[in-house]
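The values are calculated or read from the model by the stated rules, or taken from the named source; none is laboratory data. Computed from a prediction, not measured in an experiment: that's the story for all the values here. Quick reminder, even Gly has a Cβ in these numbers, built from the backbone with ideal geometry, and neighbours come from all protein chains shown.
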Amino acid sequence: MPLKLPDLPYAYSALEPHMDALTVQIHHDKHHAAYVNNLNAALDKHPELHAKRLEDLLTNLKAVPEDIRTAVRNNAGGTWNHNLFWDILSGQGGGQPAGALAADLKAAFGDFAAFQQKFTAAAVGQFASGWAWLYLNDQDKLSIGATPGHDNPLMVGVAPFTGQPILVVDVWEHAYYLKYQNRRADFVAAWWNLVNWKRVEELYAQAK
């Protein structure tokens, strides 16, 4: 079956004041929706691929027919990345994680502040459009990285690093331009107030 745009798990205004309602509405209903629609259009050329999960397409892009491979890379990536982006946000977010994730972040980066600083640097420093990630790498260790376009760590042999993502921030301009204009750093600083660490902890447990 063709993919459908997932509903937002909260109202457009739920992330204010850190992310304004109009940006959330346009981002989800226009940009995210466009990736879903464009992916469906590409897969229509090879209808048997509609049966595959997004993760299956992304982890084995080399198996996707060459005539639609770039479209699938861009739009399956855009779809999957946005699904995760919305999933780990909450109007009651912020603070710090607990449990195993907190302990493993400390082990990997020294403390939460050092992790936050490194992740922010990856997000703000990503040249042009892209994403910053916290992911569980192939050695079962927490790592930070940034990808251009809609690439993500699931894209074996395509992305600059691979693993299971558990946290992401969108640094395409459409994610922040209405409120923050060119001030990406201000957007990323505000975004930390929206991170739903309970959900990220669940994703980390699943990845482990």
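In the range 169-208, counting only helices (runs of 4 or more DSSP H) that sit wholly within it, the ones holding 3 or more residues that are within 22 Å of residue 129 (Cα to Cα) and among the hydrophobic types (A, V, I, L, M, F, W, C) span 184-191.
Which one is surrounded by the most Cβ atoms within 10 Å (Cβ to Cβ), of the residues in the range 114-143 that are in contact with a strand residue (DSSP E or B) (Cβ under 6 Å, 6 or more places away or on another chain) and in a helix (DSSP H, G or I)? So the residue we want is 123. Counting the residues of the range 79-113 that are more than 29 Å from residue 35 (Cβ to Cβ) and either without any contact (Cβ under 8 Å) to a residue 24 or more places away in the chain or surrounded by fewer than 17 Cβ atoms within 10 Å (Cβ to Cβ) (or both) gives 14. A single member of 97, 2, 6 is over 18 Å from residue 131 (Cα atoms) and at pLDDT below 95, and it is 2. Scanning the range 20-61 for residues that are basic (Lys, Arg), surrounded by 13 or more Cβ atoms within 10 Å (Cβ to Cβ) and in contact (Cβ under 8 Å) with a residue 12 or more places away in the chain turns up nothing. The conditions of being buried (at least 18 other Cβ atoms within 10 Å of the Cβ), touching a Lys or Arg at 6+ places or on another chain (Cβ under 9 Å) and β-branched (Val, Ile, Thr) are not met by residue 195.
Inspect all residues belonging to the range 153-169 and state whether any of them is crowded, with 16+ Cβ neighbours inside 10 Å, in the same structural domain as residue 193 (by TED's automatic domain parsing) and among the polar types (S, T, N, Q). The answer is yes; a qualifying residue exists.
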